[in-house]
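The values are calculated or read from the model by the stated rules, or taken from the named source; none is laboratory data. Given the structure is predicted, the values throughout are model-derived calculations rather than measurements. FYI the Cβ positions are ideal-geometry reconstructions off the backbone, even for glycines, and counts take in every protein chain you see. Accessible surface areas use protein heavy atoms only, side chains included; no ligands, DNA or RNA. Shrake-Rupley method; radii C 1.70, N 1.55, O 1.52, S 1.80 Å.
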Amino acid sequence: MRLSQYFLPTLKETPQEAQVVSHRLMLRAGMISQSTSGIYSWLPLGSIVLRKIEAIVRNELNQSGAHEVVLPTIQSADLWKESGRYDAYGAEMLRFQDRHDRDMLYTPTAEELMTDIARRYLRSYRDLPQSLYQIQWKFRDEIRPRFGVMRGREFYMKDAYSFDVNEKGARESYFRMMRAYIKTFDRLGLTAVPVRADPGPIGGDLSHEFHIIASTGESLLYYDRKLEDIMAESGHTEVPVDAIMDLYAMEEEMHDPENCPVPASDLRQARGIEVGHIFYFGTKYSEALGANITDFDGKILPIHMGSYGIGISRLVAAIIEASHDEAGIIWPESVAPFQIALINLKVGDSACDETCQNIYDRLIESGVTVLYDDRQTGAGDKFATMDLIGLPWQVRVGPKGLKAGTVEIKCRRSGVVQEISLGSALTQLTATLAA
Ligand code: ATP
Ligand code: MG
């Protein structure tokens with residue numbers, strides 16, 4: 001992509017309304033634009049990152065054996081009246097009437113609709129286990145939307161639902177999902193800490209929240225420091241779910257300092273951003289809606305269910321909170337909007353133009369995504385823009401270097417700038433990216 005033709009409305013000034021660094025950087029990097037309170041438009045750069053995160057989440061969910069569906073965002077209130085949540089959900093649910101005065105709502109989550117699908121199509125133990133998921137916009141009329149897409153009113157969420165014959169099966173589904181989450185966060189370049197959660201209004205007795213440790217996190221966590229080491233490694237190895245379950249990790253509301261089993265020297269206190277939440281809630285919804293199956297010996301029993309969310313739009317902000325510096329965003333390679341920033345330091349100079357065009361063409365040919373800064377502006381401006389939008393590698397081509405047969409390669413994360421020969425630049429870049 002040529003920057004001169006791209007839609008990248010970056011801002012030089014720090015937006016006053018943004019209180020946290022991810023919100024400031026997303027606005028400055030031209031990723032999002034506020035439409036109204038808690039509701040955002042995703043501009044081209046932001047939308048690429050959102051889709052990349054979505055693709056990784058989808059890939060891991062598919063590998064775990066779940067099947068993707070697409071459910072409507074607008075639902076009739078009827079199912080929610082059946083489950084009892086129409087009254088219980090409160091002001092966060094956006095409610096309205098259609099032209100026939102029927103009660104409708106914009107979905108904040110989809111337990112009811114998924115349970116309805118289960119009761120229509122799952123009949124016997126032979127149809128189970130089953131897991132379905134969707135990646136869909138949700139709406140919650142948050143009392144205090146803030147921090148940009150971190151706590152929006154409209155937000156993008158992956159929500160999965162598992163259906164099992166009994167508690168034993170449901171716990172297996174729960175832990176399969178836990179493993180998929182750990183792999184997903186690892187691929188996103190994040191270390192997520194699973195903490196025991198209060199199942200709250202969804203109900204049930206087994207629940208974990210996944211948190212990204214960041215000083216701007218809204219939750220205060222207490223956990224055994226061994227957990228962080230296990231999590232940092234577990235994306236690459238077989239996920240040690242049993243070890244994770246044995247280690248202490250609680251949110252502030254559930255942490256009891258008097259009876260904490262972890263000695264103070266091993267207890268870590270940190271703030272976290274909740275990026276995922278998994279629940280096993282038993283037969284709460286299947287009983288309310290009558291989603292039953294015939295058991296092995298002909299008994300009719302309610303299905304055991306779990307639900308599993310990941311905040312995809314919140315993750316964009318959480319990744320930035322976890323990975324940035326004064327100059328801007330530092331994208332993990334897996335979600336970077338482009339892999340390489342190609343910087344032409346003297347547009348109009350025929351050697352610079354030709355070399356850049358050649359590098360650009362060959363990178364594109366080898367399947368690498370490139371943002372080529374071919375604008376007529378100064379070097380300082382170009383460096384600042386690329387540092388701000390955080391692409392992992394910068395290739396800088398200038399007349400001085402070219403006379404000596406060299407270009408510069410900068411690693412955004414380490415800040416290290418290497419001067420390398422033009423001949424080896426392409427092979428070195430493609431090798432680095434393949435690694
Ligand atoms: P929170 O405690 O942050 O309000 P929640 O517990 O209400 O979240 P869940 O119902 O567990 O949220 O939703 C699953 C995931 O969706 C959360 O882990 C979070 O990543 C994301 N999410 C929830 N609410 C929002 C929101 N208002 N804006 C962006 N993402 C959200
Ligand atoms: Mg939650």
Can you name the condition, by its number, that Lys183 falls short on among (1) open to solvent by 50 Å² or more (accessible area, probe 1.4 Å); (2) basic (Lys, Arg); (3) touching a helix residue (DSSP H, G or I) at 6+ places or on another chain (Cβ under 8 Å); (4) at pLDDT 95 or above? (4)
Unique residue being part of a helix (DSSP H, G or I), at pLDDT 95 or above, in contact with a strand residue (DSSP E or B) (Cβ under 9 Å, 6 or more places away or on another chain) and farther than 23 Å from Arg146 by Cβ when the list is Leu27, Leu113, Leu79, Leu50: Leu113
Hey, can you tell me all the residues within the range 81-123 that are aliphatic (A, V, I, L, M), within 16 Å of ligand 1 (Cβ to nearest atom) and surrounded by 15 or more Cβ atoms within 10 Å (Cβ to Cβ)? Met93, Leu94, Leu105, Ala110, Leu113, Met114
Considering residues of the range 336-351 that are within 16 Å of Glu408 (Cβ to Cβ) and surrounded by 21 or more Cβ atoms within 10 Å (Cβ to Cβ) only, the residue farthest from the chain's Cα centre (by Cα): Leu345
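What residue, of Ala322, Ala404, is away from ligand 2 (no atom under 16 Å from the Cβ), at pLDDT 95 or above and under 23 Å from the mean Cα position of the chain (by Cα)?
Being away from ligand 2 (no atom under 16 Å from the Cβ), at pLDDT 95 or above and under 23 Å from the mean Cα position of the chain (by Cα) holds for just one of Ala322, Ala404, which is Ala322.
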Considering every residue within the range 262-270, establish whether at least one is in a helix (DSSP H, G or I), in contact (Cβ under 8 Å) with a residue 40 or more places away in the chain and within 16 Å of ligand 2 (Cβ to nearest atom). no
Residues satisfying the stated conditions in the range 228-261, i.e. touching a residue at least 40 places away in the same chain (Cβ under 8 Å), over 25 Å from Thr216 (Cα atoms) and in a loop (DSSP other than H, G, I, E, B): His236, Val239
Just wondering, is there one or more residues in the range 168-180 that are within 18 Å of Asn59 (Cα to Cα), assigned by TED's automatic domain parsing to the domain that holds Ser64, more than 15 Å from ligand 2 (Cβ to nearest atom) and assigned to a strand (DSSP E or B)? no
Residue in the range 403-414 that is open to solvent by less than 30 Å² (accessible area, probe 1.4 Å), aliphatic (A, V, I, L, M) and in contact with a Gly (Cβ under 6 Å, 6 or more places away or on another chain) present: yes
Among the residues of the range 216-223, is there at least one that is more than 20 Å from Gly306 (Cα to Cα), touching a Leu at 6+ places or on another chain (Cβ under 9 Å) and more than 10 Å from ligand 1 (Cβ to nearest atom)? yes
Does any residue of the range 302-311 turn out to be more than 16 Å from ligand 2 (Cβ to nearest atom) and open to solvent by 20 Å² or more (accessible area, probe 1.4 Å)? yes
Looking at the structure I just gave you, is Gly398 open to solvent by 20 Å² or more (accessible area, probe 1.4 Å) and either of a type in the set (D, E, K, R) or more than 24 Å from the chain's Cα centre (by Cα) (or both)? no
Given the structure, is Gly290 at positive phi and either open to solvent by less than 10 Å² (accessible area, probe 1.4 Å) or not assigned by TED's automatic domain parsing to the domain that holds Ser219 (or both)? no
Does Gln16 qualify as being of a type in the set (S, T, N, Q), open to solvent by 70 Å² or more (accessible area, probe 1.4 Å) and either in a loop (DSSP other than H, G, I, E, B) or within 21 Å of Leu188 (Cα to Cα) (or both)? yes
Cβ contacts < 9 Å: first residue over 19 Å from Glu111 (Cβ atoms) and charged (D, E, K, R), restricted to the range 288-315; second residue open to solvent by 50 Å² or more (accessible area, probe 1.4 Å) and away from ligand 2 (no atom under 14 Å from the Cβ), any location; separation 6+ or different chain. Result? Asp295/Tyr125; Asp295/Asn166; Asp295/Leu301
